[in-house]
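Q: What follows is a single structure, and I will ask about it in a moment.
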There are 2 protein chains.
Amino acid sequence: MNIRFYNARILTMKDGQDIFFGELWVEHNKIVYVGPSQDVPEKALKWDREIDCEKNLLMPGFKNVHTHSGMTAFRSLADDLNLQDWLNNMIFPREALMTPDDIYWLTKLAILEYLTSGVTLIADMYLTPESILDACDQMGMRCELVSGLNKFGPAVSVMEERFNNLNNKSSLVGYKMGVHAEYTCEKDLLIEVSKLIHKYEAPLYVHMSETKTEVDECFQRYGKSPVALFEELGLWDFGGSIYHGVWCDDSDMDILVKRGISVISNPGSNTKLASGIAPISKYLERGILVGLGTDGPSSNNCLDMFREMFLVTGLAKLKEMDPKAVSADHVLKMACVNGAVSLGHDDCSDLSEGKLADIIMIDLKQPNMQPILNIAKNIVYSGSKSNVKMTMIDGKILYMDGKFMDTDIEEIYEKCDEITTRLKDI
Amino acid sequence: MNIRFYNARILTMKDGQDIFFGELWVEHNKIVYVGPSQDVPEKALKWDREIDCEKNLLMPGFKNVHTHSGMTAFRSLADDLNLQDWLNNMIFPREALMTPDDIYWLTKLAILEYLTSGVTLIADMYLTPESILDACDQMGMRCELVSGLNKFGPAVSVMEERFNNLNNKSSLVGYKMGVHAEYTCEKDLLIEVSKLIHKYEAPLYVHMSETKTEVDECFQRYGKSPVALFEELGLWDFGGSIYHGVWCDDSDMDILVKRGISVISNPGSNTKLASGIAPISKYLERGILVGLGTDGPSSNNCLDMFREMFLVTGLAKLKEMDPKAVSADHVLKMACVNGAVSLGHDDCSDLSEGKLADIIMIDLKQPNMQPILNIAKNIVYSGSKSNVKMTMIDGKILYMDGKFMDTDIEEIYEKCDEITTRLKDI
C-alpha cells in the first residue's frame, strides 16, 4: 500500500522536537517523504489511500521495550502482593500449566492493547517465543523476542537454537539473548550464557536491580551487585539492557556507562509492586540511555505508555522533590527513540525518509489536548490512550478511530476467557 | 426523559462492591429501579429510550472534588516549576487579566474533559463563580462552587453574598464557603471567615498542608501547623475538607478525626509539582474520609480520575514500600462515594433507588478491561478514560461513544484558543 498523509502536524523526533505542518508518504513499509505540504506532489506515487489528518499529529510510535505479553491471563488476579509472593505463589504455578497456544492467544490480547496505546515495537520476554512470534507476525506487531533463560526452564542450547532459527522467520520479529535475572540463575549457567554471547557477539537483556532485596541477596551470595557480577562474567561485553534498574548505585552506573548498557524503566510496575523509584535523573546526567516498558499486565496492570510517560517524570520529581526533574522532551525521547535504539532498531526510531513506517496519529481534538500551547507536554502530562487515533506498523494501519483492522477481537476475548477460567482457580 | 438500561452489569457502590447482572431505570433525574432484569417490567414506565448495555458496567460517576477548571488556559504553559514560582510568576499575573467570560469558556473546555473521564460532580474553586455556574448549568455539569477567599481578592462580604445568592440559582450547582490557603490569608481575615461559618453553620474547604514549606512557614508565623491554627480559630466547627493534606502529622490527624474533616487527595498534582506523597494509609487507619481530585489542569495537567485512582494507591505503596497498601476497593470508594459525602452530596453517592441519576457506563469490551477476573481492580489498576462509554448527569446523557450531546465543541475550542493566545505571552 502507498499511503499519503496530508494536512498533518508532524513530529519526526529526528533532530529535536520541532513540530511542523506538512505531509508524509509511505511506500510499502517505508517512509519515502516527510516535509512541507505539496499541493501537486511532484514525486507523487500512485496512492492507494490519501488520508486527511485534519491537523492532528503524526509521530513515531511508542516503543514498549520490556513486557511479558502473555501475562494478560493474570490481570487483576494477583494484585497487592510483594514481588516474591506474587512470583512464587501466584504466577509460577500457573505458568507451569500454560501451553504455547494459550500464550499465542494471550499475546494477541496484549497486542490489541498495545495498538490502542500507540505501541509499534515491543520487546517481549515470555515462555514460548515460537507462539509469540506467530501472534505478532499474524497481527502485524513488530517485536523483539527476548529469552528469559533461568535455572527452571530450557537449557542454554535451546536459546542458541532459537537465536539461530527465530531471527529470520518473520520480517517483523527478531530474537535477543537474555536471562530472567541473577536470582533465578546459578553462576555456572551465567558462565555458559557468557560463552554464547561471546560466540555471537550478542547484547544481553535481563531483569536487574528491580528490588532492594534482590540486590542485597546478590551481595550476600557474591559480595557484589548484580551489575558488577555480570561485568565480572563478561556478560556486558556486547551491550544490552537492564530492565527496571531501580537500585543501581554509582559504581553500577560506572559499569553501565563503560559498557553502553541501557536502562529500561518500568515505573508503573515499580509503583504497583512497591519496588521503589529508579534514579532516572542520575542516569540521564551520566548519559545512560533510558527506555520505557510497561512490564507485564499482571504487575502494572495495563499496557499503557501514557501511564509510563507520566510516571517516569512524575516519580523522578517526587524522588528528588524537584518539579524540574526529567523534562517532557526527555520523556518523549525515551518513549519513541531510545527504546528502539536499545534494541539496535534504529530503523524505526524516528520519522525520517528511509525508515520503517511505524507511525501513530495523535488526536489533538480531544479536550485533554486543548489548548495547543505545547504538544509534547500535552502528550506527556495530559495525554491518554484515548488520544491514539491511528497506529501503523510496517506501513500497515492496524488500528484507527477505535477499530482494529482485519482482527476478530471477539474470538481473542473468548479464547482468553477460556484460558483464564482454566488457570485462575488451580 | 425516562430511560431503561438493561442487559447491564451493575456496581451500585451502596453496600460493598458486588457486581450483578440486571437493569436500572431512570425517571426524569432520579434512579427509580435498580435490580435483577425483568423480561416484562412490572412497573414499567413509558420509556423514552431503552439502552442495551451489552453486559458493560453501570456504576456511579466519579466525583472530582478539588479542581480549578478555568486553569485549562495554562495547560502545558508553565510546567516543571516549583509551586511558589509557578503561582507567583506564571499564574497570578495571568489570572489578573482573566474575565468572567474567559473563565466561562475555559470551564466549558474542562467540563468536556470531565465528561470523557466519567466525572459527574466537581468541586470547583476558581475566580468567578457566577460564570462557572453558567457554564455548568448550561452544560449539565453538577458542581459545588467553592470560594477561594484570600487577601488579594474580594472581601468576606462577597463570599456571604455569593453563599446566599448562588446556592439556589441552578438545581445542579451549589456554593460552599472556602479560603484559598493559610499562606494567602492574614489572621484577621481568617477570624472574619470563622464568624461567617458560625453564622451559617457551614463547613469550610481549603488548600492545606500541600507542601512542606507551607507547613514550616505556618509554624514560623504561628508556632503551629495550619490544621492546628484553623482549629484554634474555630474554622473546623462545622466540618469541611482540606485539599492535598500531604504533610499532616499525627496531631493534625487528631484534629481531623475530632472535627470530621475529610482529606481530598490530589496525587497527580502532588507528583507533578513534587509536593510529596500524602499519608493515605494512615488517614484510612484513623477513619478519616478520603476523596479524590485532579486539581487544576495547569498543575496535573489532565482532568483524569483514572490517573488519580492509580496514583492514590500506587504512591501509597511506594511510600510504605508495601504493595498491599490502599486496596482497589478503597480507591473506588474514594472516587465514587467519599467525594460526594465530603460535600454533603449523599444524594448522588451511589446507585440506589431515589438517588440522582449520575451514572457512567464502563466499556468492558476494550482490551485493557479483559479478561474479566475482577472488574474493580481492572478499573483502578488498568482503567483509562477510553473505557468511559457514557456519562449521565441528573438523568441526562451528556457523553456517549466518544460524542458530546448538544454541545458545539469546535466553538469551545476556538474561544479557548483565542483566550490562551491572549494570555500566554504577557
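Q: Can you tell me the orientation of helix A:156-166 relative to chain A, as the angle in degrees between its alpha-carbon axis and the longest Cα principal axis, to the nearest 10?
A: Here the helix axis deviates by roughly 10 degrees.
Q: Would you mind calculating the relative contact order of the range A:77-226 from Cα pairs under 8 angstrom and at least 6 residues apart, reporting the percent as a whole number?
A: For the range A:77-226, the relative contact order is 16 percent.
Q: Can you give the net charge of the other residues whose Cβ lies under 15 Å from the Cβ of A:Glu231, counting K and R as +1 and D and E as -1?
A: Net of charged neighbours comes to -3.
Q: With each label point set 7 Å from Cα along the Cα-Cβ vector, what nm distance links A:Glu50 and B:Phe20?
A: 5.9 nm
Q: What is the distance in Å between the Cα centres of the range B:42-91 and the range A:226-280?
A: 38 Å
Q: So how much slack lies between B:Lys212 and B:Lys365, counting 0.36 nm per residue of separation and subtracting their Cα-Cα distance, in nm?
A: Answer, rounded to one decimal: 50.7 nm.
Q: What length, rounded to one decimal in nm, is gained on full extension from B:Lys258 through to B:Tyr222, with 0.36 nm per residue of separation minus their alpha-carbon distance?
A: Residue separation times 0.36 nm, minus the Cα-Cα distance, leaves 10.8 nm.
Q: Can you tell me the order of B:355-361, A:234-240, B:30-36 when each peptide is scored by its average per-residue count of other Cβ atoms within 10 angstrom, highest first?
A: B:355-361, A:234-240, B:30-36
Q: Another question, then. Could you tell me which residue in chain B puts its beta carbon nearest the axis mapping B onto A, with the distance rounded to whole Å?
A: Result for the B and A rotation: B:Ser386, 2.
Q: A further question on this structure: Could the peptides A:323-331, A:65-73 be put in order, highest first, of the mean number of other beta-carbon atoms found within 10 Å of their residues?
A: A:65-73, A:323-331
Q: Here is a follow-up. Full extension from B:Asn168 to B:Asp250: what is 0.36 nm times the residue separation minus their Cα-Cα distance, to one decimal in nm?
A: The B:Asn168-B:Asp250 span can extend by a further 25.6 nm.
Q: Among B:Ile103, A:Ile51, A:Ile191, which comes first, second and so on when ranked by fewest other beta-carbon atoms within 10 Å?
A: With the fewest neighbours first, B:Ile103, A:Ile51, A:Ile191 line up as A:Ile191, A:Ile51, B:Ile103.
Q: What is the local net charge at A:Leu166, summed over the other residues whose Cβ is closer than 15 Å to its Cβ (Lys, Arg +1; Asp, Glu -1)?
A: Combined, the nearby Lys, Arg, Asp and Glu give -3.
Q: Summarise the partner chain shielding of B:312-322 as one whole number: the mean count of Cβ atoms from other chains within 10 Å of each residue's Cβ.
A: 5
Q: Ok, one more. Give the percent of DSSP beta bridges with both residues in chain A that are antiparallel, rounded to the nearest 5.
A: Given both bridge residues lie in chain A, the antiparallel proportion sits at roughly 45 percent.
Q: Which cysteines in chain A lack any other cysteine whose Cβ sits under 4.7 Å from their own Cβ?
A: A:Cys53, A:Cys185, A:Cys218, A:Cys248, A:Cys302, A:Cys336, A:Cys348, A:Cys416
Q: Taking the simple approach of a point 7 Å from Cα along Cα-to-Cβ for both A:Leu97 and A:Asp346, what is their distance in nm?
A: Inter-label distance under the simple model: 4.8 nm.
Q: Among residues other than A:Leu289 whose Cβ falls under 14 Å from its Cβ, what is the net charge (Lys/Arg +1, Asp/Glu -1)?
A: Once all neighbours under 14 Å are counted, the net charge is +4.
Q: Just how large is the dipole of the protein assembly as shown about the Cα centre, in debye to the nearest 20, putting +1 at every Lys and Arg Cβ and -1 at every Asp and Glu Cβ?
A: 200 debye
Q: Which residue, chosen from A:Gln38, A:Ile372, A:Tyr283, occupies the Cα position most advanced towards the positive end of the dipole of the protein assembly as shown, where the dipole is computed from +1 (Lys, Arg) and -1 (Asp, Glu) charges on Cβ about the Cα centre?
A: Going by the charge dipole, the pick is A:Tyr283.
Q: Ok, one more. What does the structure give for B:107-116 when I average, per residue, the other chain Cβ atoms found within 10 Å of the residue Cβ?
A: Mean partner-chain Cβ count within 10 Å for B:107-116: 3.
Q: Rounded, prolate or oblate: which fits the range B:62-346, taking a ≥ b ≥ c as square roots of the Cα gyration tensor eigenvalues, rounded meaning a/c under 1.5, else prolate when a/b beats b/c?
A: Rounded.
Q: Place a label point 7 angstrom from the Cα of A:Asp137 along the Cα-to-Cβ direction, then list the residues of the range A:403-425 whose backbone nitrogen is under 14 Å away.
A: none
Q: Name the shape class, rounded, prolate or oblate, that the alpha-carbon gyration tensor gives for the range B:77-236, where a ≥ b ≥ c are the square roots of its eigenvalues, rounded holds for a/c under 1.5, and otherwise prolate holds if a/b is larger than b/c and oblate otherwise.
A: Note, shape of the range B:77-236 comes out oblate.
Q: Which whole-number percentage describes the relative contact order of chain B, with Cα contacts under 8 Å and a sequence gap of 6 or more?
A: For chain B, the relative contact order is 21 percent.
Q: To the nearest 20 debye, what is the magnitude of the charge dipole of the range A:62-346 about its Cα centre, counting +1 on the Cβ of each Lys and Arg and -1 on the Cβ of each Asp and Glu?
A: 440 debye
Q: Here's a follow-up. Give me the inter-chain shielding for B:90-102: mean count of other chain Cβ atoms within 10 Å, whole number please.
A: 0
Q: I would also like to ask the following. In nm, one decimal, shortest first: how far is the label point of B:Lys195 (7 Å from Cα along Cα to beta carbon) from the matching points in the other copies?
A: In nanometres, ordered from closest: 8.9.
Q: Nearest 10 degrees, 0 to 90: what angle lies between the long axis of helix B:409-424 and the longest principal axis of chain B (Cα atoms)?
A: Helix B:409-424 sits at roughly 20 degrees to that axis.
Q: Here is a follow-up. How do the peptides A:267-273, B:210-216, A:93-99 rank, highest first, by the average count of neighbouring beta carbon atoms within 10 Å per residue?
A: Ranking, from highest mean packing down: A:267-273, B:210-216, A:93-99.
Q: Name the residue farthest towards the positive end of the dipole of the protein assembly as shown from the options B:Ala135, B:Ser69, B:Ser209, assuming +1 on Cβ of Lys and Arg, -1 on Cβ of Asp and Glu, about the Cα centre.
A: Final value for the positive-end residue is B:Ser209.
Q: Something else now. Of all DSSP beta bridges in the protein assembly as shown, what percent run antiparallel (nearest 5)?
A: That works out to approximately 45 percent antiparallel.
Read-outs throughout are calculated quantities, based only on the coordinates presented, and are distinct from any laboratory measurement. From a predicted model like this one, the values you see are computed outputs, not experimental measurements. FYI the Cβ positions are ideal-geometry reconstructions off the backbone, even for glycines, and counts take in every protein chain you see.
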